[in-house]
Structure formats: structure tokens, C-alpha cells
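Participant: What follows is a structure written as C-alpha cells; I'll ask about it next.
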Amino acid sequence: MSARRDAILREMGLGPVWRLREPAPADAAEAPPAPIEPPAPPPPRAHVAPVVPPPAAAHDTPAPVSEVAGLDWAALTERILACRACALCEQRKQAVPGVGDRQADWLFVGEGPGAEEDARGEPFVGKAGKLLDAMLAAIGLRRGEGVYIANTVKCRPPANRTPEAGELAACFPFLARQIELIQPRLIVALGRPAAQSLLNTDIRIASARGRCFDYAGIPVVVTYHPAYLLRNPLDKAKAWEDLCFARRRMQQLIDGESQ
Ligand code: URA
């Protein structure tokens, strides 16, 4: 393991936890921590766009999925920044559309902006963002280079509470359009709200880890949200396993395309 990778894993809090338990596999230089169960077959489901809830009196009607579906990046961004479809618009400083490579292979989807993201207009720039950057680096990725980062809701939930179902549903067409425009090879859902929105089903991260799901034909891997990992550092080793799983899946996708 290189000094740089060592440093990155230390940054993730994995230095003392992460040890190879098996003879080195073929890609020993970037070896995953332990064998991971093969992915279970994805659940039989077609993604159905969430039903848009009736608007609260003070807000506009959420954009119909079909309307947002036709927007280009500029129009979509404008629409997100001006959105008043749910109560989250009331207390935001600004909406946070997303950041990164618009032709990315990797899409990471978080929950919603926090205070720093709300102030700066960019996702994952606070403490959780620092950890996310370390997680990306641990699998050889860097924000903006083949990577796009977006949130499930684009406006900060007050006091960083979990977004409500109606808020997730109102915002989902924006994420759906981002995915259509990016066409990533793989999506990593960070935490439960992201996983539930994308997979349109009730899901627990602990039981969904190590499986490959599907969103509109794009593989989806789930893992813990960086903010959760900051509170539960012992689970960082599991997140590392999930990232290695995602990286292997990505390699399979790339290999499959070149055959
Ligand atoms: N948590 C998220 O889910 N997204 C951010 O942008 C920041 C923290």
C-alpha cells in the first residue's frame, strides 16, 4: 500500500482498522478489505417517479417530471435556484444544485445541503464533505474529475433535519434530470434518504450494503452517509468495503463495455 493511500485511509479513520485478511488478490495495490458477498439480484422493480404531493399554500406547484425532463443544464440550474416547490425554500440562503463533471462516470448522491453548503452553494464542503473527499481519494477519485456530486434535496433542511417525504418527492425531478443529463455509469447513494429516493422503496443501509440496485438501468450502490460516519467512526471500515465494492462494479462495467 502506498504512503499516499495509507495517509488517505488514516484520514478516513481506517488506518488501524483496515487490514488485509486474505492473500493479496490480483489488484493487491488497491486491495479491498475482505471478500464481499456477490451482489444479490436487484429487486424486481421499475423506478416510478414519485408522486408529487399537493403544494402547500405558500409554495408553487412542484415542476412536473415531464417538464423538468426536457431542460438543459442551464435551464435546470436556473429552475433549481428559483424553486419554491416546498417549504425548504423559506429558510435557504440559496439552493445547491450540484457540482462536478457533467460527463462523470460516478455520481454520488447525498441527502441535502448543510449550513456551509447553503452558504457557499456547493454540496459537501463542510466536515462531511472533507470526509467524502477522503473517501473518494481512497478509491482513486477526486471531486470534479469523472465525479459528480448532487443532493437529494437541493435546499437546506432547517437545523439539518432529515428531509420529509414530500420534500424529497418535490425535489426528485431535479435529481432525475441531472441523472439523465450526466448518464453516469454508477450511482453511489450516501445514506438512507438518497437510497430511498433513488430506489423508490423503504431501505436500510445496513441490509442494502454489498448489493447492486438499479435506477433507470444505472447500477446503484448504497453506503453510509459521511455525516453518519463522523458520528459512528467504527462504521468507516464498512463504508470502505462499500466503496471497494462500487469500484469493482465500475471496473466490471468498463470491462463489459470494451468486450
Ligand atoms: N450532507 C449532505 O447530504 N449533503 C451536503 O451537501 C452536505 C452534507
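The values are calculated or read from the model by the stated rules, or taken from the named source; none is laboratory data. Computed from a predicted model, the values in this text were never measured in an experiment. Quick reminder, even Gly has a Cβ in these numbers, built from the backbone with ideal geometry, and neighbours come from all protein chains shown. Accessible surface is based on the protein model in full, side chains and every heavy atom, while ligands, DNA and RNA are left aside. Shrake-Rupley method; radii C 1.70, N 1.55, O 1.52, S 1.80 Å.
Participant: So what's the gap between the Cα centers of the stretch 172-205 and the stretch 217-255, to the nearest angstrom?
Facilitator: Cα centroid to Cα centroid, the span is 14 Å.
Participant: Within the stretch 123-162, report the trypsin sites (Lys or Arg not before Pro) that DSSP leaves as loop and that have at most 12 other Cβ atoms within 10 Å.
Facilitator: Numbers: sites: K127, K130, R142, R143, K154, R161; in loops: R143, K154, R161.
Hits after loop and neighbour filter: R161.
Participant: Could you please put S197, S258 in sequence from largest to smallest accessible area, using a 1.4 Å probe? Please report the intermediate quantities before stating the final value.
Facilitator: Numbers: S197 15, S258 95 Å².
The ordering from most to least exposed comes out as S258, S197.
Participant: Quickly work out the N160-to-R142 label distance, labels modelled 7 Å from Cα along the C-beta direction, and quote it in nm with one decimal.
Facilitator: For R142 paired with N160, the spin-label model returns 2.8 nm.
Participant: What accessible area per residue comes out for the stretch 64-258, rounded to a whole number of Å², with a 1.4 Å probe? Kindly include the intermediate steps, with their values, before the conclusion.
Facilitator: Values: 7820 Å² over 195 residues.
For the stretch 64-258, the solvent-accessible area averages 40 Å² per residue.
Participant: In addition: Working with all protein chains in place, sort D105, D202 by solvent-accessible area computed with a 1.4 Å probe, largest first.
Facilitator: On the way: D105 55, D202 115 Å².
Descending order: D202, D105.
Participant: For the stretch 123-178, rounded, prolate or oblate, judged on the Cα gyration tensor with a ≥ b ≥ c (square roots of eigenvalues), a/c < 1.5 rounded, else prolate if a/b > b/c? Walk me through the numbers before you get to the answer.
Facilitator: Details: a/c = 3.27, a/b = 1.60, b/c = 2.04.
Oblate, since a/c reaches 1.5 and b/c is not below a/b.
Participant: Based on DSSP, what percent of beta bridges with both residues in the stretch 64-258 are antiparallel, to the nearest 5?
Facilitator: On the way: 6 of 19 bridges.
Of all bridge pairs located within the stretch 64-258, approximately 30 percent are antiparallel.
Participant: Let me ask something else. How much of the accessible area of the stretch 68-209, in percent, comes from carbon and sulfur atoms when a 1.4 Å probe is used?
Facilitator: Details: 2480 of 5460 Å².
On the stretch 68-209, the fraction of accessible area on carbon and sulfur atoms equals 45 percent.
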